[in-house]
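I have placed the structure first, in the form of structure tokens, so that the comments after it can refer back to it.
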Amino acid sequence: MPVPNDRVYSESHEWHKLEGDTLTLGLTQFAVDQLTDVTFAEMREPGTTVEPGDVVGEVESVKTTSDIYCAVAGEIVEVNSKLGEDPGVLNSDPFGEGWLLKLKVTDKSGLDTCVDAATYEKNHQH
Amino acid sequence: MHKSPLRSFHADHGAQMVEYAGWEMPLRYPAGVLAEHHQVRNSGGIFDVSHMGRVEFKGRHARRLLERLCTRRVYDMQEGQARYSLVCNEQGGVKDDVLVYRMDDDKFMLVVNAANREKLLKHFEEVRAAGDLSCSIDDQTLKTAMVAIQGPKVMDLISRVSSEIPNLKRYRFTVKNLMIVKLIVSRTGYTGEDGVEVILPANAIGMALKLLMKDIDPNADDALIKPAGLAARDSLRTEAGMPLYGHELGEEINALSCGINFAINMDKADEERGEAFIGLEALQKTQGEGGSARTLVGLKLDGKRSPRQGHAVYAGDQQIGEVTSGCLSPTLGYPIAMAMVAREHAEPGRTLSVDIGRVRLEGETVPLPFYKAPKKS
């Protein structure tokens, strides 16, 4: 699957998509392929304030448990409710329906530590 | 790194390969671990287990050597019988768990864990030399392949090519000649399902798979068997309560604490043709002290999280043990774990909890296995 170029990527395999001052966070296809089937995903509650590099949730697969990090500062405003009903959505559509959470960004400078799609793809070829 | 003789099969089926015990092996296929798991429980799966060590013991003293190495008696095994046993160290810890195949009076095959193969080969030779026993020890791992075909519908498939194999009892095997190829087919496995494990020459596996999978489209929803990887093998064996070296078994873990005392014949040395096995003295001492301090239990937990090896197990506020293996059981839908706990907390029905990091999972001790295949009508 191609890596979408409308967002940027952290070293810990989260994608960050900024629209206005709202940031949507998710995991890359590469990351979910490494995790294998996701069995559980839980993000911090809406209202939680986040600093760059904070853990904002956990994702569990049949193989391992992984922390989810966010590169920017802000406040969580929404968590994807589909994750609770069917965590497998992360495997089937990580760049779309399987998004993790949305933040209202207060400081986006952390995005500078992320890379663009082409660089991410080059670094993490299958 | 060793490559499996089935590597082109894995590539053809889009496997994600990982390193495991010095081998490049399939972790999973594109359908995913959960799909593979359910496929094995509901129909059938084929696993490459070529990384497992296969060692032939042949000679006048082959049986006596195995009596010394194995915790289980060997002398009463019949030709065509396979038996699960432990190999212990002098301290009563577990060097490995193995399957012993009796080929004939003076010939045996041992199937051992990949991670322990080289360690065991050295151990086998040392014990042979110390006893001045006449027995050749031949590591056949690299020139053979091994597959496990497991699931409730596997025997239906096999009955198309053999009338003998579906009539084999559990833990029995037969040696079949397929054209010029010799296959060892045993009714054994590591998933809790019915099925077989097959050992055959490495250069014949391609042909054998073609024959077996001839009319099967593994992409069809209702395919009788589909490839399954190491990840599904692990969740399946965990549900079946089967121990794994490095988790429930280890050099530092007393063999009497592993919940598999059926595989330890403490009175073997007193029997007419029996012989003391390595580790017996230490285990007798353990027994004399009232048993091992810790014991393996099953835990059934609440929620949808996954307990993992190393997570602490609590009775109230007191830590009483650790998880050795765990997962969110794909078949049962709740978290399960095997754990080594202080003996006094081992009986079924005890309320315990597992600290998985930021939260504790509540639950209780349950008998193993967690899952048992329904008897076929």
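A single entry from B:G250, B:G298 fulfils the requirement of being closer than 30 Å to B:D76 by Cβ and more than 14 Å from every other protein chain (Cβ to nearest Cβ): B:G250.
Residue-by-condition table, conditions (1) at pLDDT 95 or above; (2) within 27 Å of the chain's Cα centre (by Cα); (3) within 13 Å of chain A (Cβ to nearest Cβ); (4) at negative phi:
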{"site": "B:E322", "(1), (2), (3), (4)": "yes, yes, no, yes"}
{"site": "B:G333", "(1), (2), (3), (4)": "yes, yes, yes, no"}
{"site": "B:E362", "(1), (2), (3), (4)": "yes, no, no, yes"}
{"site": "B:P374", "(1), (2), (3), (4)": "no, yes, no, yes"}
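When we screen B:A223, B:A208 for residues that are closer than 17 Å to B:G44 by Cβ and not in a loop (DSSP other than H, G, I, E, B), the only hit is B:A208.
Here are B:G241, B:G259: which of them is in a loop (DSSP other than H, G, I, E, B), under 15 Å from the mean Cα position of the chain (by Cα) and at pLDDT below 95? Spell out the reasoning first.
On the way: B:G241 fails: at pLDDT below 95.
Of the residues listed, the single one that is in a loop (DSSP other than H, G, I, E, B), under 15 Å from the mean Cα position of the chain (by Cα) and at pLDDT below 95 is B:G259.
Give the residues of the range B:335-360 that are more than 14 Å from chain A (Cβ to nearest Cβ) and among the aliphatic types (A, V, I, L, M), sorted by residue number. Listed by number, the residues that qualify are B:M338, B:A339, B:M340, B:V341, B:A342, B:A346, B:L352. B:G241 falls short on exactly one of the conditions (1) on the phi < 0 side of the Ramachandran plot; (2) of a type outside the set (F, W, Y); (3) buried (at least 16 other Cβ atoms within 10 Å of the Cβ), and that condition is (1). One residue stands out among those in the range A:31-53 that are away from chain B (no Cβ under 14 Å) and not polar (S, T, N, Q): the one that is surrounded by the fewest Cβ atoms within 10 Å (Cβ to Cβ), which is A:G47. Residues of the range B:31-70 that are part of a helix (DSSP H, G or I) and within 30 Å of B:K268 (Cβ to Cβ): B:A62, B:R63, B:R64, B:L65, B:L66, B:E67, B:R68, B:L69.
I need the full set of residues from the range B:1-24 which are assigned to a strand (DSSP E or B), touching a residue at least 40 places away in the same chain (Cβ under 8 Å), among the hydrophobic types (A, V, I, L, M, F, W, C) and within 14 Å of chain A (Cβ to nearest Cβ), in order please. Full working, then the answer.
Filtering the range B:1-24 for residues assigned to a strand (DSSP E or B) gives B:2-3, B:16-20, B:23-24.
Those left that are additionally touching a residue at least 40 places away in the same chain (Cβ under 8 Å): B:2, B:16, B:18, B:20, B:23.
Of the ones still in play, those that are also among the hydrophobic types (A, V, I, L, M, F, W, C) are B:18, B:23.
Within the range B:1-24, B:V18 is the sole residue that qualifies.
The set of residues from the range B:309-320 being more than 26 Å from B:A232 (Cα to Cα) and either within 14 Å of chain A (Cβ to nearest Cβ) or among the aliphatic types (A, V, I, L, M) (or both) comprises B:A315, B:I320. Taking the range B:147-175 as the range and being assigned to a strand (DSSP E or B) and closer than 22 Å to B:L66 by Cα as the test, the residues that pass are B:R172, B:F173, B:T174, B:V175.
Among residues of the range A:62-83 being within 14 Å of another protein chain (Cβ to nearest Cβ) and of a type in the set (A, V, I, L, M, F, W, C), the one that is nearest to the chain's Cα centre (by Cα) is A:I68. Does the range B:327-335 include one or more residues that are surrounded by 13 or more Cβ atoms within 10 Å (Cβ to Cβ), in contact with a strand residue (DSSP E or B) (Cβ under 7 Å, 6 or more places away or on another chain) and among the β-branched types (V, I, T)? For the range B:327-335, residues surrounded by 13 or more Cβ atoms within 10 Å (Cβ to Cβ), in contact with a strand residue (DSSP E or B) (Cβ under 7 Å, 6 or more places away or on another chain) and among the β-branched types (V, I, T): absent.
Number of residues in the range B:284-330 that are of a type in the set (S, T, Y), outside any loop (DSSP other than H, G, I, E, B) and closer than 30 Å to B:R41 by Cα: the value is 3.
Residues in the range B:186-195: is at least one touching a strand residue (DSSP E or B) at 6+ places or on another chain (Cβ under 6 Å), modelled with pLDDT under 95 and in the same structural domain as B:Q39 (by TED's automatic domain parsing)? No, the range B:186-195 contains no residue that is touching a strand residue (DSSP E or B) at 6+ places or on another chain (Cβ under 6 Å), modelled with pLDDT under 95 and in the same structural domain as B:Q39 (by TED's automatic domain parsing).
Given the criteria away from chain A (no Cβ under 14 Å), buried (at least 19 other Cβ atoms within 10 Å of the Cβ) and free of Cβ contacts under 8 Å to residues at least 60 places away in the same chain, does B:S306 qualify? When the stated conditions are applied, B:S306 does not pass them.
The values are calculated or read from the model by the stated rules, or taken from the named source; none is laboratory data. Everything quoted here is computed from the prediction, not taken from an experiment. With ideal geometry, Cβ positions are generated from the backbone for all residues, glycine too; neighbour counts draw on all protein chains shown.
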